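Undergrad: Before we start, here is the structure in question, set down as structure tokens.
Every number in this text was worked out from the coordinates using simple rules, so none of it is lab data. This is a predicted model, so every value here is computed, not measured. No Cβ is skipped: glycine too gets one built from the backbone with ideal geometry, and neighbour counts run over all protein chains shown.
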Amino acid sequence: MSPDLAGPGARAAAEAALALVGDGAVVGLGTGRAASAFIALLGARVREGLAVSGVATSDRSAHLAEEAGIRLVDLAEELELDLTVDGADEVAPNLDLLKGRGGALVRERIVASASRRQVIIVGDEKLVQRLGERGGIPVEVIPPARGPVLRHLRELGLTPAVRRNPAGAGHFLTENGNLFIECALPEPLPDGPAARDLERAIRSIAGVVDTGLFLGTAERVLVGYRTGRVETLERGPA
């Protein structure tokens with residue numbers, strides 16, 4: 001995925017995120033257009049002498065990081081990342097997120113959970129009033145559980161669809177080789193408590209690995225605009 005595909009707002013946010021990366025930092029590298037732009041910019045800083053290491057959330061991000069000259073390390077037991085910089089598909093006013101439509105949701109959550117800070121970079125078009133305004137909820141599912149999971153998701157009032165591989169026959173697979181099910185909502189989620197109730201219900205289904213609901217994980221969101229202005233949104237007390 002080329003960083004050039006990121007819009008001007010996302011590129012502005014990616015540039016602003018560079019200021020949060022200190023010399024010697026270990027950085028989680030997200031997946032998607034905004035994250036790809038950040039990786040390219042971080043690589044340029046590395047070539048200028050900045051010493052950083054990265055942990056990639058997908059094979060795509062790992063490839064971009066290697067091309068950019070960023071040293072990649074494994075997520076070892078004793079390693080705590082200084083921060084993770086990643087994008088999002090939707091950002092609610094309370095900084096709850098929908099993420100993972102690129103298929104890297106589980107690795108994104110693992111890397112974020114191993115980080116002191118999760119910083120999200122988006123263009124302003126990703127801001128929503130209610131999660132689910134721009135699309136459905138990604139759900140990663142172990143392949144043998146497909147049938148029962150689809151049934152239970154429908155019982156929750158969702159309309160699930162297994163994503164097909166856009167490049168050919170078969171199903172689109174996540175970074176972990178699992179099925180990607182996108183769950184359309186009857187209407188956007190009204191608030192944070194409703195999002196948490198739905199997340200718990202989906203996660204309780206046997207065979208579900210994870211969802212794209214990232215609730216209360218972001219420390220701050222950098223929102224870029226076409227003009228180059230960047231707004232910083234910070235999560236308030238829980």
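Undergrad: Restricting everything to alpha-carbon atoms, can you work out Rg to Rh for the chain with a Kirkwood hydrodynamic radius?
TA: Result for the chain is an Rg/Rh of 0.96.
Undergrad: Once phi is turned into ³J(HN,Hα) by the Karplus curve 6.51 cos²θ - 1.76 cosθ + 1.60 with θ = phi - 60°, what whole-Hz value does each residue of segment 22-33 show in order, with x for glycine and proline?
TA: x, 4, x, 6, 10, 10, x, 10, x, 10, x, 5
Undergrad: Okay, next question. Could you point to the residue in H171, V27, N94 farthest towards the positive end of the chain's charge dipole, with +1 and -1 charges on the Cβ of Lys/Arg and Asp/Glu respectively?
TA: H171
Undergrad: Okay, next question. Only sites in a loop by DSSP and with at most 12 other Cβ atoms within 10 Å count here; which trypsin sites (Lys or Arg not before Pro) in segment 33-133 make the cut? Write out the running numbers ahead of the final one.
TA: Working: sites: R33, R45, R47, R60, R71, K99, R101, R107, R109, R116, R117, K126, R130; in loops: K99, R101, R116, R117, R130.
Listed in order of number, the matching sites are R116.
Undergrad: So which GluC sites (Glu not before Pro) in segment 14-84 pass both tests, a DSSP loop state and at most 10 other Cβ atoms within 10 Å of the Cβ?
TA: On the way: sites: E15, E48, E66, E67, E77, E78, E80; in loops: E48, E77, E78, E80.
When the GluC sites (Glu not before Pro) of segment 14-84 are filtered for loop state and at most 10 Cβ neighbours within 10 Å, E48, E77, E78, E80 remain.
Undergrad: Same structure again: How much mean residue ellipticity at 222 nm does the chain get from its helices, if each DSSP H run of length 4 or more adds -39500 (n - 2.57) and you divide by all residues, to the nearest 500 deg cm²/dmol?
TA: Taken over the chain, the calculation gives -8500 deg cm²/dmol.
Undergrad: How far is helix 59-68 tilted, in degrees, relative to the longest principal axis of the Cα atoms in the chain, given as a value from 0 to 90 rounded to the nearest 10?
TA: Its long axis makes an angle of about 10 degrees.
Undergrad: Pick from T84, T217, T227: which residue has the top mean-square fluctuation in a GNM of the chain where Cα pairs under 10 Å get a spring?
TA: Taking springs between Cα atoms under 10 Å, the residue moving most is T227.
Undergrad: Also: Quick one: Karplus J couplings for segment 75-88, per residue in order, coefficients 6.51, -1.76, 1.60, θ = phi - 60°, nearest Hz, x for Gly and Pro?
TA: Result, rounded to whole Hz: 7, 6, 4, 8, 8, 10, 6, 5, 6, 10, 10, 8, x, 7.
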